[in-house]
Amino acid sequence: MAFTIELPDGSQREYPDGVTGFDVASSIGSRLAKAAVAVRHNGELLDLDRALPGDGSVEVITADSEDGLFIARHSSAHVMAQAVLDLFEGAHFAIGPPITDGFYYDFDIGRPFTPEDIVAIEDRMVEIIKEDQPFVRDEATTEEGLEIFKDQPFKTEIITDGEASQGAGDGVVTLYRNLDFVDLCRGPHLPGTGRIKAVKLLRSAGAYWRGDENRQQLQRIYGTAWNSKEDLAEYLERLEQAEARDHRKLGRELDLFSFPTDVGPGLAVWHPKGGILRKTVEDYSRTIHEEFGFEFVFSPHLAKSDLWHTSGHLDFYAESMYPGMVMDTTSDGSGTEYRVKPMNCPFHVLIYRSQARSYRDLPLRLSELGAVYRNELSGVVHGLLRARGFTQDDSHTFCRRDQVGAELAMHLDFVLTLLRDFGFDDFEADLSTRPEAKWVGEEELWDLATDSLRDALEAADVTYEVAEGEGAFYGPKIDVHVRDAIGRRWQMSTIQVDFSLPERFEIEYNDAENHRQRPVMIHSAKFGSVERFIGVLVEHYAGAFPAWLAPVQATIVPVADRHIEYAETTAAKLELVGARVEVDESSATVGEKLRRAITQKVPVVIVVGDNDIEHTSVGMRIRGSDDEERGVPLELAAERIRDIIASPGRS
RNA sequence: GCUGGCGUAGCUCAGUCGGCAGAGCAGCUGAUUUGUAAUCAGCAGGUCAAGGGUUCGAUUCCCUUCGCCAGCUCCA
């Protein structure tokens, strides 16, 4: 019996029964056979030495492909587990998948791994790799599997649960062996350990079994694996570059903000340079909110606990709220409890409710830069990106049903315009739909809102994924993510429909027939949090902000003291075109002053000396170009700087 | 919150196998007045995160607390 295999180029070939992926690769070419690590047969990845199960398409997976790397990392995880079981008597192992750029494996050795352990494990892995042990696939019955792993509680649980992704289920378990090491695994794997070219263990940390914080905490070791030492070095270099962009580090170096320990974790103070940056960002926010038809409101930082009961926050969100404080205590000791706000929405609802509303008032779009406080767990606080106190550019739109579609489209347009103005143009959105179990509101309204969100995404041509059932209980939403300069994904904006709060606060409007109707509410945050947004900006630009955001837009360097007066004149001239200018009057050398301005990432550095005074000119050095220009007429320099610092224009 | 690592000058880091605390940068003072990425010299700067314990003696060893870092969990 023979079967027909179709190759990716569309050609078809006949192969005898029992042909393996390796045979197919060899028949195409010896170089391909050498590079092959697995094959994809009718969409399913198979080991190279496995007999193909029948007709169909075959694609040879080479080591350097994305799938190939994934397989190499998966095999690396096995080798790591093998090393750990070799080195630690009685070690238990759980699961060890490949992940982006690497792999991990979870273990229980009765204690945490020390840094020395990690070195020893890596050394042992190198030995195993050197021995080039073949990975051998095997199948066993569930009973045999339970026998093999009788000393391994986590493996036993996986087999008992019949998890297909881990190689268990349907009464059969899949095993991979190399030497005496055997693991439960769906595969596929590299032909042998020797095909792992570059591997390095990075760190270990606690991780809950099954990701459940109520279950045992295991010790997870993370590693990375690549096809060459060069790729590995490049990856480590990339990690270092990401570290150099760390907004906490740059925030200190550029004197933007700090987190004094005297204040408390997750609570930032903004220094003057950061203050200008933040003011620029907030001014922009106010302007664009006006352009998109929002009105400004303000609300206090505290409210009675009763309000948070009405809003439901004390039912669903209490853990993230700061504890209550009792005020206006009377002689009998009773008083009124207040809570610091974790969100702005209830206040905006109260503003809506402050008067009888007509259908003609809608949509009503209320916006606030509102500081909120959330009791984030101590382990999750992370600079500006995850703070306990932060400022939301929060808006709440109240509209009629027939306005939902247009409003959501407008909100998405708003969000994308704003993100583009800050230099982000790589967007990905998540559309979260109604959860299976618990939800409020009318099904029809859910469908309307969800379809409207989808239509808006389609119309805006944003790539998006549908997160089925991932919506909140009170409404569907869009989260917009951006990719930064080094490809990291950040969640920024959110547009969230809410069917719950209008119910809870019983807000209404009178329609044209004088019937009371309930408005639909749309929450939206474009920056998300001003703090977080600026944190992401710092990392995206590595501190070298676009000129309109730069705290100092031009530094003027007098060559000698006798040029200070002319430097001041120049500064005044540039301030006239709206530039934020600084004159470096220190007694440092020109080289030192320049270096200071450049390391502070000032967009324009101006040097003035005798020649410039004589010709009313300046020397100019614009960030990003290596060459300086000399003798630029002052008028011209001012005009150019005016252009450089222009805010993003929208017609 | 959990697991691990780490807290030494404003910053980056040495160091102390338990015996008077070190450098570079930044700061201050003086000299230098410089044409495109660090001029020279001097000075000052520390309860070695905080509290407790062991010890003749603790920055060093032990405990507790606080904070930071990484990961997990969380981010209705």
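Nothing in this text is a laboratory measurement; each read-out follows from the coordinates by a stated rule. Everything quoted here is computed from the prediction, not taken from an experiment. For neighbour counting, all protein chains shown are included, and Cβ atoms are generated from backbone atoms with ideal geometry for every residue, glycine included.
In whole Å, what three semi-axes, largest first, describe the equivalent ellipsoid of region A:339-479 built from its Cα gyration tensor (square root of 5 times each eigenvalue)?
Details: eigenvalues 117, 96, 63 Å².
That gives 24, 22, 18 Å for the three semi-axes.
State the Kirkwood hydrodynamic radius of region A:124-197 in Å, one decimal place, computed from all pairs of distinct Cα atoms. Could the numbers behind the result be given before it?
Numbers: mean 1/r = 0.0788 Å⁻¹.
Here the Kirkwood hydrodynamic radius works out to 12.7 Å.
Give me the aspartates and glutamates in straight-line cross-link reach of A:K229: C-alpha distance below 20 Å, same-chain residues under 8 apart excluded.
Filter leaves A:D64, A:E66, A:D67, A:D101, A:E122, A:D123, A:E127, A:E131, A:D132, A:E237, A:E240.
Cβ under 10 Å from A:Y15's Cβ, A:Y15 left aside: what net charge do those residues give with Lys, Arg +1 and Asp, Glu -1?
Values: positive: A:R13; negative: A:E14, A:D17, A:D23, A:D55.
Residues near A:Y15 contribute -3 overall.
Where the centre of each part is set by its Cα atoms, how far does region A:535-583 sit from region A:1-62, in angstrom?
The distance from the Cα centre of region A:535-583 to that of region A:1-62 comes to 63 Å.
Using only the Cα atoms of chain A, build the gyration tensor, take square roots of its eigenvalues as a ≥ b ≥ c, and label the shape rounded, prolate or oblate: rounded if a/c is under 1.5, else prolate if a/b is larger than b/c, else oblate. The partial results should precede the final answer.
Values: a/c = 1.92, a/b = 1.34, b/c = 1.44.
Since a/c reaches 1.5 but b/c is at least a/b, the shape of chain A is classed as oblate.
May I ask for the distance between the Cα centers of region A:375-390 and region A:114-128, given as a whole number of Å?
One Cα centre to the other: 35 Å.
Among A:N514, A:P502, A:W490, which residue has its Cα positioned farthest towards the positive end of the charge dipole of region A:432-517, with +1 placed on the Cβ of Lys and Arg, -1 on the Cβ of Asp and Glu, and the dipole taken about the Cα centre?
The one lying farthest along the dipole's positive direction is A:W490.
Using DSSP, restrict attention to beta bridges with both residues in chain A and report what percent are antiparallel, rounded to the nearest 5. Can you show the working numbers first?
Values: 102 of 119 bridges.
The antiparallel fraction comes to roughly 85 percent.
Can you give the FRET efficiency for A:S258 and A:E503, using 1/(1 + (r/R0)^6), R0 = 45 Å, r = Cβ-Cβ distance, to the nearest 0.05?
On the way: r = 43 Å, r/R0 = 0.96.
After rounding to 0.05, the efficiency reads 0.55.
Quick check: pseudo-label points 7 Å beyond the Cα along Cα→Cβ at A:K279 and A:D212, how many nm apart are they?
Reported label-point gap for A:K279 and A:D212 is 5.4 nm.
Once you've got the Cα coordinates, tell me which of A:K249/A:K273; A:K249/A:K341; A:K273/A:K601; A:K279/A:K593; A:K155/A:K200 are over 18 Å apart.
Numbers: A:K249/A:K273 15 Å; A:K249/A:K341 30 Å; A:K273/A:K601 12 Å; A:K279/A:K593 27 Å; A:K155/A:K200 25 Å.
Beyond 18 Å: A:K249/A:K341; A:K279/A:K593; A:K155/A:K200.
How big is the Cα convex hull of region A:555-595 in projection, averaged over all directions, in nm²? Before the final figure, lay out each step's value.
Values: hull surface 10.4 nm².
Computing the convex hull of the Cα atoms and averaging its projections yields 2.6 nm².
Which one of A:L385, A:L418, A:H396 is farthest out on the positive end of the charge dipole of region A:380-450, using unit charges on Cβ (Lys, Arg +1; Asp, Glu -1) and the Cα centre as origin?
Checked the options; the winner is A:L385.
Using the scaling law 2.2 N^0.38 Å as the reference, what is the normalised Cα Rg of region A:415-462? Walk me through the intermediate numbers first.
Values: Rg = 13.9 Å, N = 48, 2.2 N^0.38 = 9.6 Å.
Compactness ratio reported: 1.45.
Mind sorting A:E122, A:E139 by how few other Cβ atoms lie within 10 Å of their own Cβ, fewest first?
Ascending Cβ contact count within 10 Å gives the list A:E139, A:E122.
Length gain on complete extension for the stretch A:V172 to A:T616, per 0.36 nm per residue less the alpha carbon to alpha carbon distance?
Values: separation 444, 0.36 × 444 = 159.84 nm, distance 8.58 nm.
Length gained between A:V172 and A:T616: 151.3 nm.
How much mean residue ellipticity at 222 nm does chain A get from its helices, if each DSSP H run of length 4 or more adds -39500 (n - 2.57) and you divide by all residues, to the nearest 500 deg cm²/dmol? Provide the component values of the computation, followed by the final result.
Values: 20 runs with 224 residues, N = 651.
Calculated from helices alone, the mean residue ellipticity at 222 nm is -10500 deg cm²/dmol.
Let me check I've understood the local charge: for A:R177, count other residues with C-beta under 9 angstrom from its C-beta, Lys and Arg +1, Asp and Glu -1. What total comes out? Mind dumping the intermediate values first?
Values: positive: A:R137; negative: A:D138, A:D180, A:D183.
Value of the local net charge: -2.
By the gyration tensor of its Cα atoms, with a ≥ b ≥ c the square roots of the eigenvalues, what is the shape of region A:1-47: rounded for a/c under 1.5, prolate for a/b over b/c, or oblate? Don't skip to the answer; put the middle values down first.
Working: a/c = 1.36, a/b = 1.27, b/c = 1.07.
The shape class here is rounded.
By counting other Cβ atoms within 10 Å of each Cβ, how are A:K197, A:K155 ranked from fewest to most? Intermediate values should be presented prior to the final figure.
Values: A:K197 16, A:K155 25.
By the 10 Å Cβ count, ascending: A:K197, A:K155.
Given points 7 Å out from each Cα along the Cα-Cβ axis, report the A:D413 to A:E639 separation in nanometres with one decimal.
Distance between label points: 3.6 nm.
Based on other C-beta atoms within 10 Å, arrange A:T141, A:T261 from fewest to most.
Details: A:T141 11, A:T261 8.
Going from sparsest to densest Cβ surroundings: A:T261, A:T141.
Run the simple label-point estimate for A:R50 and A:R488 please: 7 Å along Cα→C-beta, distance reported in nm.
Distance between label points: 3.7 nm.
In whole Å, how far is the Cα centre of region A:65-85 from that of region A:194-251?
With region A:65-85 and region A:194-251 each reduced to a Cα centre, they are spaced 14 Å.
Can you give the charge dipole size of region A:303-400 about its Cα centre, rounded to the nearest 20 debye, using +1 on the beta carbon of Lys and Arg and -1 on the beta carbon of Asp and Glu? Intermediate results must be reported in sequence, preceding the final value.
Values: 11 positive and 11 negative charges, 91 e Å.
Magnitude of the dipole: close to 440 debye.
Around A:V440, with a cut-off of 13 angstrom between Cβ atoms, what is the net charge of the other residues, counting Lys and Arg +1 and Asp and Glu -1? Each step should come with its number before you reach the end.
Working: positive: A:R434, A:K438, A:R504, A:R518; negative: A:D315, A:E442, A:E443, A:D498, A:E503.
Computed value for this residue: -1.
For region A:464-536, just list the percent of Cα-Cα distances falling in each 5 Å bin from zero outward, please.
Result, from short to long distances: 3, 13, 17, 17, 15, 12, 9, 6, 4, 2, 1, 0 percent.
Counting only residues 5 or more places away or on other chains, whose amide H sits under 5 Å from the amide H of A:H481 once H atoms are built in the peptide plane?
Counting only residues 5 or more places away or on other chains, the set is A:E428, A:A429, A:D430, A:M492.
Equivalent-ellipsoid semi-axes (√(5λ), Cα gyration tensor) for region A:580-651, whole Å, largest first?
Numbers: eigenvalues 93, 56, 22 Å².
Three semi-axes, in Å: 22, 17, 11.
Which aspartates and glutamates, on any chain, are close to A:K438 with Cα under 18 Å apart, when same-chain ones fewer than 8 places away are left out?
Within the straight-line cut-off, A:K438 pairs with A:D315, A:D447, A:E468, A:E470, A:D498, A:E503.
What is the set of long-range amide H partners of A:S617 at a cut-off below 5 Å, with H atoms built 1.01 Å from backbone N?
Under 5 Å from the amide H of A:S617: A:L634.
Given a Förster radius of 45 Å and the C-beta distance between A:D332 and A:V380 as r, what FRET efficiency does 1/(1 + (r/R0)^6) yield to the nearest 0.05?
0.65
5 Å is the cut-off here: which amide hydrogens, built 1.01 Å from N in the peptide plane, fall below it relative to A:N375, excluding neighbours closer than 5 in sequence?
Amide H neighbours of A:N375: A:M321, A:Y322.
Could you work out how much longer the chain between A:K150 and A:L302 gets when fully extended? Use 0.36 nm per residue separation minus the Cα distance between them, nm to one decimal.
Numbers: separation 152, 0.36 × 152 = 54.72 nm, distance 5.72 nm.
Working it through step by step, the gained length comes to 49.0 nm.
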